[in-house]
Amino acid sequence: MQSLNRQETTVSDDKRISDPELAVGQTDALGYTTDAQDVKTASGSQTQLRANIDEGMDPWEVKRTMRRVDWRLVPILAALYSISLIDRTNISLARAAGMGRTLNLNIPGTNYYSIAVLIFFVPYILFELPSNLGMRRWGAAKWLGGATILWGIVMLAMGFVETWQQLAACRALLGIFEAALFPGAVYLLSSWYPRAEVQRRMSIFYSLSILASGLSAILAYGLGLIRMYKNQGWRSIFIIEGIITVVLGIVGVLAIVDFPGPKAKFLSEEQRAIVKTRIERDRADFVQDSMTFSKLMRFSLDLKIWATAIQFFGATLASYSLSYFLPRILAGMGFDVALSQLLVAPPYVWALVPVIGSAFISDRFQVRTPLIAFNAICTIIGTSVYSYATGTGPRYFGVCLAVGGCNSVVPLVIGYSQINIRGSAKRAFTSAIVVAFGGIGGIAAGLSFTERAAPHYTQGIHLTLAMNAITVGICVLQHIIFRVQNKRANDGKAVLEGHQDFRYQL
């Protein structure tokens with residue numbers, strides 16, 4: 001086991017500087033102040049980012065430290081995100097259990113259900129960036145756990161609505177509070193791990209929510225058999241899942257760990273030094289930099305952020321359309337209501353295979369864009385098969401392929417968006433923007449997969465195919481452009497992300 005002094009010496013010896021032209025005492029874009037030694041070494045080795053970030057450390061202690069971080073961070077965030085997905089998508093299951101008839105959502109020629117679906121995403125999009133800024137100010141545990149408690153209360157209220165307008169109002173409130181979780185969790189996870197280890201954690205975090213999404217159909221079917229209020233089973237889905245959400249929110253307030261630093265008391269002083277050293281060697285941005293208006297403007301001009309946001313839009317368009325409309329799609333294949341609900345689960349259980357497999361391949365071989373493109377192509381093929389094939393078997397196979405493909409793209413794109421940037425402020429901005437485009441994907445799903453378009457949903461299917469084809473095209477461009485920029489940096493002709501040792505991952 002390495003001593004704490006040795007760890008701290010390693011960090012201090014890795015001199016920070018993000019621009020070789022900075023003068024002594026000047027502060028760079030990330031808030032690092034240059035000293036005389038920085039200027040002396042800037043033309044040579046700058047703050048050296050190391051390929052072997054664990055050099056000089058006890059491998060066993062590194063594994064022990066990161067395993068402890070994993071257990072304190074990933075399970076609770078995954079649990080909260082799982083319940084958030086269940087709560088935002090259980091409207092389709094409640095509808096199948098009788099809500100559509102009670103609230104007049106099934107009237108031909110109306111889009112009341114689609115309105116209730118998509119209104120969630122308007123505040124969800126608008127509140128994501130402010131929420132990330134609030135989490136930086138108040139801390140992850142209070143912010144994320146508190147938001148979970150609040151949307152759990154909203155879920156409870158949904159069990160007592162009497163009109164579709166009241167349902168829509170509750171969905172809007174749900175969007176406000178759920179806006180905190182996904183971008184906040186992505187931001188928090190990316191702050192604790194080196195870039196080469198982010199993807200695996202993102203995918204494990206997300207894969208648990210996929211499993212929950214699949215099992216939520218079975219859960220909703222069981223809850224729908226309980227008659228708690230007005231002898232209507234669909235109300236029990238909202239009431240009981242709302243109670244579960246509030247309980248998990250309380251656990252979140254108590255269990256979620258904050259950003260890495262002195263407040264991480266679940267780690268020893270030496271283990272905190274290990275986390276710090278690894279991050280400094282990987283991307284040199286352990287110290288949280290401030291968010292300013294000028295930075296927001298500069299970040300908004302970074303095209304790679306918007307490119308990954310468009311990719312995320314394509315993935316979530318496909319995933320939300322399946323989450324909200326899969327029971328109806330399955331019913332269109334000839335299955336009755338009960339069987340349609342139960343057959344939602346197997347595709348999501350299958351999706352764990354490509355999601356986790358893609359993550360481990362991505363981190364093991366350090367490949368990103370090829371895997372995003374491959375899974376987007378799987379989404380295209382699966383969507384085409386379940387839309388245009390004849391026969392229940394092939395169409396259900398297409399559903400499985402599409403669910404696995406789009407749900408693999410989601411964590412791959414989220415991880416990729418965090419891997420190729422530096423600075424905590426930029427990570428907060430990027431996670432909010434990319435996840436916001438996921439909300440836009442949800443709106444697009446609600447507008448294109450409407451009652452009037454049933455049972456073929458031609459407009460929504462074509463949009464899904466087009467956006468995933470665009471995702472593949474962006475992957476090709478990203479791979480080429482990043483390779484060229486890395487070569488320019490290797491030749492000393494460019495500095496990437498404000499650091500001469502930083503290289504984009506392909």
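The values are calculated or read from the model by the stated rules, or taken from the named source; none is laboratory data. Not measured: the values here are computed from a predicted model. No Cβ is skipped: glycine too gets one built from the backbone with ideal geometry, and neighbour counts run over all protein chains shown.
Scanning the range 105-135 for residues that are over 17 Å from the mean Cα position of the chain (by Cα) and either under 23 Å from Ile250 (Cβ atoms) or polar (S, T, N, Q) (or both) yields Asn106, Thr110, Asn111, Ser114, Gly134. Tallying residues that are more than 16 Å from Leu73 (Cα to Cα) and surrounded by fewer than 24 Cβ atoms within 10 Å (Cβ to Cβ) within the range 121-145 yields 12.
Out of all the residues in the range 459-467, is one or more touching a Gly at 6+ places or on another chain (Cβ under 7 Å), crowded, with 19+ Cβ neighbours inside 10 Å and touching a residue at least 40 places away in the same chain (Cβ under 8 Å)? For the range 459-467, residues touching a Gly at 6+ places or on another chain (Cβ under 7 Å), crowded, with 19+ Cβ neighbours inside 10 Å and touching a residue at least 40 places away in the same chain (Cβ under 8 Å): present.
The C-beta contact set for the range 99-111 (first residue free of Cβ contacts under 8 Å to residues at least 24 places away in the same chain, second residue among the polar types (S, T, N, Q), distance under 7 angstrom, 6+ apart or interchain) comprises Gly100/Asn106. Residue count for the range 332-355 under the criterion of being more than 21 Å from Tyr416 (Cα to Cα), touching a residue at least 60 places away in the same chain (Cβ under 8 Å) and in a helix (DSSP H, G or I): the result is 11.
Mind counting the residues in the range 233-261 that are farther than 27 Å from Leu189 by Cβ, surrounded by 18 or more Cβ atoms within 10 Å (Cβ to Cβ) and either of a type outside the set (Gly, Ala, Ser) or within 26 Å of the chain's Cα centre (by Cα) (or both)? Full working, then the answer.
Taking the range 233-261 first, the residues farther than 27 Å from Leu189 by Cβ are 233-240, 243.
Filter once more, so that each one left must be surrounded by 18 or more Cβ atoms within 10 Å (Cβ to Cβ): 233-240.
Filter once more, keeping what is either of a type outside the set (Gly, Ala, Ser) or within 26 Å of the chain's Cα centre (by Cα) (or both): 234-235, 237-240.
Result for the range 233-261: 6.
The one condition from (1) of a type outside the set (Asp, Glu); (2) buried (at least 24 other Cβ atoms within 10 Å of the Cβ); (3) in contact with a Phe, Trp or Tyr (Cβ under 6 Å, 6 or more places away or on another chain); (4) over 30 Å from Val349 (Cβ atoms) that Leu103 does not meet is (2).
The set of residues in the range 349-378 being among the small types (Gly, Ala, Ser) and either surrounded by 18 or more Cβ atoms within 10 Å (Cβ to Cβ) or touching a Cys at 6+ places or on another chain (Cβ under 7 Å) (or both) consists of Ala351, Ser358, Ala359, Ser362, Ala373, Ala376. Scanning the range 229-246 for residues that are modelled with pLDDT of 90 or more and among the basic types (Lys, Arg) gives a single hit, Arg235. For Ala489, work out the one condition from (1) in contact (Cβ under 8 Å) with a residue 12 or more places away in the chain; (2) out of contact with any strand residue (DSSP E or B) (no Cβ under 9 Å at 6 or more places or on another chain); (3) over 30 Å from Phe325 (Cβ atoms); (4) not acidic (Asp, Glu) it doesn't fulfil. Against the list (1) in contact (Cβ under 8 Å) with a residue 12 or more places away in the chain; (2) out of contact with any strand residue (DSSP E or B) (no Cβ under 9 Å at 6 or more places or on another chain); (3) over 30 Å from Phe325 (Cβ atoms); (4) not acidic (Asp, Glu), Ala489 comes up short only on (2). Being modelled with pLDDT of 85 or more, small (Gly, Ala, Ser) and farther than 21 Å from Phe312 by Cβ is the filter here, so list the residues in the range 176-228 that pass it. Residues satisfying the conditions are Ala196, Gly222.
Test of understanding: among Phe502, Phe397, which residue is out of contact with any Ser or Thr (no Cβ under 8 Å at 6 or more places or on another chain) and in contact (Cβ under 8 Å) with a residue 40 or more places away in the chain? Walk me through it before giving the result.
Details: Phe397 fails: in contact (Cβ under 8 Å) with a residue 40 or more places away in the chain.
Of Phe502, Phe397, the one residue that is out of contact with any Ser or Thr (no Cβ under 8 Å at 6 or more places or on another chain) and in contact (Cβ under 8 Å) with a residue 40 or more places away in the chain is Phe502.
Would you confirm whether any residue within the range 442-454 is aliphatic (A, V, I, L, M), touching a Ser or Thr at 6+ places or on another chain (Cβ under 8 Å) and farther than 26 Å from Ala168 by Cβ? Write out each step before concluding.
Of the residues in the range 442-454, the ones aliphatic (A, V, I, L, M) are 443-445, 447, 453-454.
Checking the rest, the ones that are also touching a Ser or Thr at 6+ places or on another chain (Cβ under 8 Å) come to 445, 447.
Still in the list and also farther than 26 Å from Ala168 by Cβ: none.
The answer is no, given that none of the residues of the range 442-454 is aliphatic (A, V, I, L, M), touching a Ser or Thr at 6+ places or on another chain (Cβ under 8 Å) and farther than 26 Å from Ala168 by Cβ.
Output the number of residues of the range 445-458 satisfying the condition of being surrounded by fewer than 24 Cβ atoms within 10 Å (Cβ to Cβ) and either within 28 Å of Glu280 (Cα to Cα) or in contact (Cβ under 8 Å) with a residue 60 or more places away in the chain (or both). I'd like the intermediate steps shown before the answer.
Here is the first cut: in the range 445-458, the ones surrounded by fewer than 24 Cβ atoms within 10 Å (Cβ to Cβ) are 447-448, 450-458.
Within this subset, residues satisfying the condition of being either within 28 Å of Glu280 (Cα to Cα) or in contact (Cβ under 8 Å) with a residue 60 or more places away in the chain (or both) are 447-448, 450-452, 454-457.
Count: 9.
Please indicate, with yes or no, whether at least one residue in the range 247-268 is modelled with pLDDT under 95, more than 21 Å from Leu144 (Cβ to Cβ) and not polar (S, T, N, Q). No, the range 247-268 contains no residue that is modelled with pLDDT under 95, more than 21 Å from Leu144 (Cβ to Cβ) and not polar (S, T, N, Q). Counting only helices (runs of 4 or more DSSP H) wholly contained in the range 367-486, the ones carrying 1 or more residues that are of a type in the set (S, T, N, Q) and over 30 Å from Pro130 (Cβ atoms) occupy 369-388, 392-419.
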